[in-house]
């Protein structure tokens, strides 16, 4: 399986962002953020489980378990948000489509992107994600940083080739 097959989702989840594409604009790359974006919510849910378990063991109160619904609900909300968020690159622009109840589409035209940087923290290197920082010539843009990007080196090369072209695309 090549990188392109891994990145473009061909199931019903594409309806999440296809409605934001212009006529005759096809997606080149479409990926969800790395699942590591859920680590805080998972940690809160596990910590809540432990606290509620220990508290109910010492106090004997079963009502304490209702408190666990808060971090569990937070985790569920974050999972739904993650499943609806996509980083999309087309022939004309780079977009980040996100939001559950209120949809947000941050977009930068490819012609405005002058540089793209890849940053990987130590944790990002261990878990397999990175952050992209896009620069444009002296302009404030809606989409500058995109964190928790999966398979960052391969995706960086793919995004760079779409934005800046490849060497073998030189005019004859």
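We did not get these values from a lab; they are worked out from the coordinates using the rules stated. For clarity, every value in this text was computed on a predicted model and none was experimentally measured. Cβ placement follows ideal geometry from the backbone for every residue including glycine, while neighbour counts extend to all protein chains displayed.
Given the DSSP H assignment, sum -39500 (n - 2.57) over each helix run of at least 4 residues in the chain and divide by its residue total; what's the result at 222 nm in deg cm²/dmol, nearest 500? Please list the in-between numbers first.
Details: 6 runs with 64 residues, N = 172.
So the helix-based figure for the chain works out to -11000 deg cm²/dmol.
Compute the angle between helix 152-164 and the longest alpha-carbon principal axis of the chain, please, reported from 0 to 90 degrees and rounded to the nearest 10.
Around 30 degrees separate the two axes.
Can you match P(r) over Cα pairs in 5 Å bins from 0, in percent to one of these, [x] 2, 8, 15, 20, 16, 12, 9, 7, 5, 4, 2, 0; [y] 1, 8, 14, 17, 17, 14, 9, 6, 5, 4, 3, 2, 1, 0, 0, 0; [z] 1, 9, 18, 21, 21, 16, 9, 3, 1, 0, based on a calculation from the structure here?
Given [x] 2, 8, 15, 20, 16, 12, 9, 7, 5, 4, 2, 0; [y] 1, 8, 14, 17, 17, 14, 9, 6, 5, 4, 3, 2, 1, 0, 0, 0; [z] 1, 9, 18, 21, 21, 16, 9, 3, 1, 0, the structure-derived one carries the label [y].
If I fit a long axis through the Cα atoms of helix 39-59 and take the longest principal axis of the Cα atoms of the chain, what angle between them do I get, 0 to 90°, rounded to 10?
Compared with the principal axis, the helix lies near 0 degrees.
Taking the Cβ of each residue in 113, 46, 159, 79 as the centre, tally the other Cβ atoms inside 10 Å and list the residues starting with the fewest.
Details: 113 21, 46 12, 159 25, 79 15.
Exposure proxy ranking, most exposed first: 46, 79, 113, 159.
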